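These notes are about the structure you will find just below.
Derivation of every value follows stated rules applied to the coordinates shown; laboratory data play no part. All values derive from a computational prediction rather than experimental measurement. Positions of Cβ are generated from backbone atoms using ideal geometry, with glycine treated the same way; all protein chains shown enter the neighbour counts.
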Amino acid sequence: MTTTPPATAAATTTQPARTAHAKTHSARRSTPLTIAMLAALAYFLLPLLWLLIASTKSTQDLFNSFGLWFSDTPQLLTNIKETFTQDDGVFAHWLLNTMLYAVVSAVGAALLAAAGGYGFAKFRFRGDRAALNLVLGAVMVPTTALAIPTYLLFAKAGLVNTPWAIILPSLVNPFGLYLMRIHAQDAVPDSILEAARIDGAGEARIFFRIALRLLGPGLVTVLLFTLVATWNNYFLPLIMLNDPNLYPITVGLSSWAAQAQNGGAGASSDMLALVVTGSLISIVPLVVAFLMLQRYWQSGLATGGVKQ
């Protein structure tokens, strides 16, 4: 009687399993999905590539050369220098204004959303369900529909043409509040809250010393969303601000583009190239913020997606 060696028997047993695993792995590859992924990648990256290449050109080269390749005389550093020196350096002022509006709004909106979401998740009070449904309904309302009523309200309060006209509306983030409520349900255990209450800690201390630390990933997620939304906001500053010294980058670059098209006062032959270069400079802080905070952002989005 012939006996199969143990090693040979184990190899024979595992061989079908490896073959099945290889077939399963190869079956997961899908040509249509790969093509769709490449198309989505091109959709998002090609505009950035065009913006980077266009920032190295003069206004004449923007129209006379291929859009996705450099001209014979690239001048990126010259465009950057002229962008910051045009109109007595007003672009740097617009950049600082945008940073002020975006950072203050993002931090304030994230803290308010964390407090509201934590309250909805961990406390029960009369009308809590109705209030939550009201928040969910507010998510569906487009911000542009509220711009004119907000302007009329702020005009009565004397806040038009001030930084508060941009910051205060940006503090309200219904989606961020809903996201923080979902995050707080799993991220903040009830046992920790009960232990802190038994030790004599007040609710405010529990929130700022315990809950806020546990809500870190979701907090960063809301902060990034609000930062991007406020940074790219155009319509609200357009109707709220009349002083060019208070303009954010979006409205400032739009005014430059209008000068370039209409040949208004202060317009130069390379004004359109400066608009393109300014657009490139304006996205650099957002890219840096995402690269620095992406791991917190990703974990914040995934929280609540898997039930423990």
Query raised in the report: Rounded to a whole number, what is D in µm²/s for the stretch 24-149 from Stokes-Einstein with the Kirkwood radius over alpha-carbon pairs (10 °C, 1.306 mPa s)?
Result: 77 µm²/s
Query raised in the report: What full-extension length gain, to one decimal in nm, is calculated for Thr34 and Thr144 as 0.36 nm per residue of separation minus the Cα-Cα distance?
Result: 35.9 nm
Query raised in the report: If the cut-off is 20 Å between C-alpha atoms, which aspartates and glutamates fall inside it for Lys81, apart from same-chain ones fewer than 8 positions away?
Result: Asp61, Asp72, Asp270
Requested in this report: May I ask you to order 82-93, 177-188, 227-238, 146-157 by the average number of other C-beta atoms within 10 Å around their residues, highest value first?
Outcome: 177-188, 227-238, 82-93, 146-157
Query raised in the report: How big is the Cα convex hull of the stretch 166-277 in projection, averaged over all directions, in nm²?
Result: 9.7 nm²
Query raised in the report: To one decimal place, what Kirkwood hydrodynamic radius in Å is obtained for the stretch 205-248 from all pairs of distinct Cα atoms?
Result: 12.8 Å
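Listed highest first by mean packing, meaning other Cβ atoms within 10 Å per residue, what order do 69-77, 111-119, 52-60 come in?
Numbers: 69-77: 12.7, 111-119: 22.2, 52-60: 19.6.
The densest-packed peptide leads the list: 111-119, 52-60, 69-77.
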Report summary line: Distribution output for the stretch 153-219: share of Cα-Cα pairs per 10 Å bin in percent, first bin at 0, values 18, 32, 23, 19, 8
Query raised in the report: Stokes-Einstein D for the stretch 47-98 at 20 °C, 1.002 mPa s, Kirkwood Rh over Cα pairs, in µm²/s?
Result: 180 µm²/s
